[in-house]
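This report concerns only the one structure given below.
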Amino acid sequence: MTTPAEASFDAARDRMERRLAERAAGDGHPAPAVAVLGGTDLLRPEPADAARRRARATVHLTAQTVLIGPWGGDPDGACGTCLAMRWQRLRSRTEREALETGRTSTLAGPGLPPLPDHAVDAVWALHLLTVDAAPTALPQVSRLDLETLRVQTFPLLAEPLCPSCADRDGEDRDGAVGGGAVRDGVPGAEQPVLPLVSRPKPAPDRRRLRAADGYDLPEAALANPVCGVLGAGTWTDVVSPTTAPVAGSVFMRGYAGLTDVTWSGQANSFRASRSLAFLEGLERYAGTHRRSNVPLLTDSYRNLGAAALDPRECGLYSERTYRDDPMLGPFDPDRPIPWVQGWSLRDQKPVLVPARLCYYSAGAAADNFVFECSNGCAIGSCLEEAILYGLLELIERDAFLIGWYGNARLPEIDLTASTGPALRAMLDRAALLGYDVHAFDNRIDLAVPVVTALAVRRDGGPGTLAFAASAGFDPEDTVESAVSEILTYIPHLPGQVHERPAELVAMASDFDLVRRLPDHAALFGLPQMAHHARSYLEPTAPARPAAELYADWAETCPRGTDLLDDLLFCRDRFTDAGYDVIVVDQTSPEQRRLGLHTVSTLVPGLLPIDFGWTRQRALQLPRLRTALRRGGLRATDLAEDELRLVPHPFP
Ligand SMILES: [Zn+2]
């Protein structure tokens with residue numbers, strides 16, 4: 001049934017088509033097809049007729065602008081529906097909520113008014129220009145502002161979820177374990193192999209094969225206000241006293257409705273930050289939602305048996321949480337849930353992984369047994385690099401949580417012994433803002449260096465503590481990376497407390513009120529929380545230089561010239577400890593074309609970071625009690641009363 005609003009949009013479309021056809025007849029050109037944006041939810045498939053019409057449209061009417069394109073580029077590069085989907089994702093929260101969650105739209109006023117003749121003339125002139133334009137590398141979209149007649153042109157990347165282009169863009173062309181595709185919905189119908197190969201390193205101590213600024217990223221297509229893949233633009237914070245931040249953001253629909261997903265780079269130069277920001281944005285783009293229309297296998301764990309990962313191995317919440325949290329339900333092995341294809345690096349065979357554990361903003365009602373975040377997701381120039389960095393992130397988070405909940409006494413690293421100018425400069429900048437920075441050797445039992453950094457406000461005022469962690473092969477680099485992350489938080493710490501003091505004070509006495517990601521770090525801005533961090537603030541031994549603390553590592557650290565060896569070294573640390581290592585390739589089609597790969601890595605049994613005090617899988621997993629003993633840091637397993645049952649401060 002057509003609603004009055006839809007009828008009005010259809011009328012506007014037909015009117016525009018007619019008026020363009022009149023001009024086309026006069027000029028002896030074919031007339032363009034017209035579509036209207038903003039009337040219906042374009043992220044959902046339209047009826048076949050409307051879909052065909054939209055896919056070939058090159059004039060798109062919106063309330064404030066007319067978009068002309070896609071034009072130029074590869075004729076199969078992107079279609080009108082690709083544009084419509086990317087456009088809708090960049091609309092305001094109100095517009096998106098109305099389009100995507102409203103049942104019917106009600107017309108306020110007379111609908112889209114007819115455009116004045118001069119505007120139609122401008123659209124026609126622009127259309128003619130684009131028809132005759134010289135070829136461009138990427139498809140383009142020109143935006144005509146109806147208020148000012150200003151014209152701006154932006155590149156458009158094809159949308160992998162576009163139903164009209166779906167047949168054209170071959171999923172998994174390279175035969176990798178790809179993006180969760182389970183071919184024909186039958187697990188094992190084709191046994192895909194994760195093709196890991198040797199990757200020569202630029203130098204034995206360099207594990208990023210390409211520098212962050214070494215990719216030819218189509219930045220204008222990734223961030224622009226019409227059809228940006230990652231957002232409407234980027235901003236630089238030129239008054240930041242500690243780093244040179246560049247960031248962008250986009251609304252993504254997740255478990256709890258639309259959330260503002262920010263991606264950023266916070267290096268010591270804006271240029272470096274910009275490249276890092278785009279890479280982080282692309283990593284999140286691939287990790288939050290699956291960018292493929294290939295249907296997922298849906299089946300129960302019990303039916304799949306040995307072919308699948310038992311999600312319980314990755315940790316669940318407490319019974320109380322499943323009982324009291326309306327957004328969660330307990331895992332039921334008999335209930336069909338969606339699965340993606342993964343690959344076990346330990347067993348060298350495919351394994352099905354619950355989609356819920358890999359794509360951290362997407363879920364079905366049936367698989368609401370966990371809220372995953374970006375644990376183990378990483379991007380790189382090849383699968384091997386992405387996997388290595390995903391595993392390093394898992395090591396970092398696991399070690400941090402064991403250090404925190406396990407109340408470990410971590411050896412302090414003497415930062416004054418470091419001569420690196422970058423680190424010195426960062427410590428000085430922190431000092432200027434009134435913070436002392438400490439760093440700790442946070443290795444537990446997995447050999448690879450993990451460093452936890454802690455900023456302490458000298459005068460004990462609000463914004464008291466901030467934590468960050470990092471894992472890597474080079475201890476000095478790892479210290480630098482953890483401290484660098486700390487610097488990104490310092491300028492905002494006092495403000496985070498001043499924004500909502502009463503709320504944070506309430507959390508300090510009732511941890512159940514710690515619910516969201518930002519609550520964890522903000523809580524430790526309260527001076528009265530500092531006593532919970534005593535194991536970090538009152539070291540029992542003097543700080544020692546990193547070179548001395550990590551002397552044993554210097555002897556075992558792999559220093560070959562093949563990145564694959566470093567990856568296998570990490571894998572073996574996990575398998576020696578009794579864990580499997582699973583990889584899911586999340587690479588989106590856009591990324592593949594840019595020479596980028598994104599993976600989700602899983603090591604079932606490791607402690608994952610969770611946010612919300614009642615949603616801490618770490619507290620339920622056996623490893624929390626045993627890892628310190630395994631690492632030789634204590635003689636016995638931890639007893640329950642030895643745990644630090646305080647929300648972690650991981651940012
Ligand atoms: Zn398309």
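The values are calculated or read from the model by the stated rules, or taken from the named source; none is laboratory data. Every value quoted in this text rests on a predicted model; they were computed, and no experiment measured them. Methodologically, a virtual Cβ is constructed for each residue, glycine included, from the backbone with ideal geometry; neighbour enumeration extends over all protein chains shown. Only protein heavy atoms, including side chains, enter the accessible area calculation; ligands, DNA and RNA are left aside. Shrake-Rupley method; radii C 1.70, N 1.55, O 1.52, S 1.80 Å.
As an equivalent ellipsoid, the chain spans semi-axes of 46, 27, 25 angstrom, where each value is the square root of five times an eigenvalue of the C-alpha gyration tensor, largest first. Along the Cα-to-C-beta direction of D552, a point sits 7 Å from the Cα; which residues of the stretch 401-417 have their amide N less than 15 Å from that point? Only 409-412 pass the distance filter. In terms of overall dimensions, the C-alpha atoms belonging to the stretch 503-572 reach 52, 32, 16 Å along their principal axes, ordered largest to smallest.
Ignoring ligands, DNA and RNA, what percent of the 1.4 Å accessible area of the chain is carbon and sulfur? Ligands and nucleic acids excluded, carbon and sulfur give 53 percent. Counting only C-alpha contacts under 8 Å and six or more residues apart, can you give the relative contact order of the chain as a whole percent? Rounded, it is 14 percent for the chain. Compute the orientation-averaged projected area for the stretch 1-102 from the convex hull of its Cα atoms and round it to one decimal in nm². Projected over every direction and averaged, the Cα hull of the stretch 1-102 covers 7.2 nm². Derived scalar couplings between HN and Hα for the stretch 33-49 equal 7, 10, 9, 10, 9, x, x, 9, 6, 8, 8, 10, x, 8, x, 3, 4 Hz in order, rounded to whole Hz, by the Karplus curve 6.51 cos²θ - 1.76 cosθ + 1.60 (θ = phi - 60°), x for Gly and Pro.
Rounded to the nearest 500, the 222 nm mean residue ellipticity of the chain from helices alone is -10000 deg cm²/dmol, with -39,500 (n - 2.57) taken per DSSP H run of at least 4 residues.
Length gained on full extension, E147 to L645: 173.4 nm, using 0.36 nm per residue less the C-alpha separation. Rolling a 1.4 Å probe across the protein heavy atoms gives the chain an accessible surface of 41 Å² per residue. Rounded, prolate or oblate: which fits the stretch 228-366, taking a ≥ b ≥ c as square roots of the Cα gyration tensor eigenvalues, rounded meaning a/c under 1.5, else prolate when a/b beats b/c? Here the stretch 228-366 falls in the prolate category.
Each of R323 and T106 was given a label point 7 Å from its Cα along the Cα-to-Cβ line. The distance between the two points is 4.4 nm.
Stretching R534 away from A98 to a fully extended chain increases their span by 152.1 nm, per 0.36 nm per residue minus the current alpha-carbon distance.
Residue-wise HN-Hα couplings along the stretch 58-63, as the Karplus relation 6.51 cos²θ - 1.76 cosθ + 1.60 with θ = phi - 60° gives them from phi, are 10, 10, 10, 8, 10, 5 Hz; Gly and Pro carry x. Given +1 at the Cβ of Lys and Arg, -1 at the Cβ of Asp and Glu and no other charges, the dipole of the stretch 316-437 around its Cα centre is 40 debye to the nearest 20. In terms of overall dimensions, the stretch 524-651 has a Cα radius of gyration and Dmax of 19.0, 53 angstrom.
Applying the Karplus relation 6.51 cos²θ - 1.76 cosθ + 1.60 with θ = phi - 60° to the stretch 69-84 yields 3J(HN,Hα) values of x, x, 10, x, x, 5, x, 9, x, 6, 10, x, 6, 3, 4, 4 Hz, where x marks Gly and Pro.
In units of the compact-protein estimate 2.2 N^0.38 Å, the stretch 428-487 shows a Cα radius of gyration of 1.17.
No solvent, one uniform scatterer per C-alpha: report log10 I(q)/I(0) for the stretch 345-413 via the Debye equation at q = 0.26 1/Å, two decimals. Those come out to -1.15, one per q.
For the pair R458 and T298, label points projected 7 Å from Cα toward Cβ lie 6.0 nm apart. Here the relative contact order of the stretch 451-604, from alpha carbon pairs under 8 Å that lie six or more residues apart, stands at 17 percent.
Rounded to the nearest angstrom and listed largest first, the equivalent-ellipsoid semi-axes of the stretch 25-179 from its Cα gyration tensor are 26, 23, 13.
Fully extending the segment from A417 to D49, taken as 0.36 nm per residue of separation minus the present Cα-Cα distance, adds 125.5 nm. Distances between placed amide hydrogens fall under 5 Å for L107 paired with A5, all partners being 5 or more residues away or on another chain. Sort the stretch 374-515 into rounded, prolate or oblate with this rule: let a ≥ b ≥ c be the square roots of the eigenvalues of the Cα gyration tensor; rounded if a/c is under 1.5, and if a/c is not under 1.5, prolate when a/b is larger than b/c, oblate otherwise. Oblate, because a/c is 1.5 or more while a/b does not exceed b/c. If R0 equals 30 Å, the separation of the Cβ atoms of A307 and A365 corresponds to a calculated FRET efficiency of about 0.80. Quick check on the stretch 594-651: take the gyration tensor over C-alpha atoms, sort the square-rooted eigenvalues as a ≥ b ≥ c, and tell me if it's rounded (a/c under 1.5), prolate or oblate. Because a/c hits 1.5 or more and a/b fails to exceed b/c, the stretch 594-651 counts as oblate. The alpha-carbon atoms of the stretch 442-562, seen along their principal axes, cover 53, 33, 26 angstrom, with the largest extent given first.
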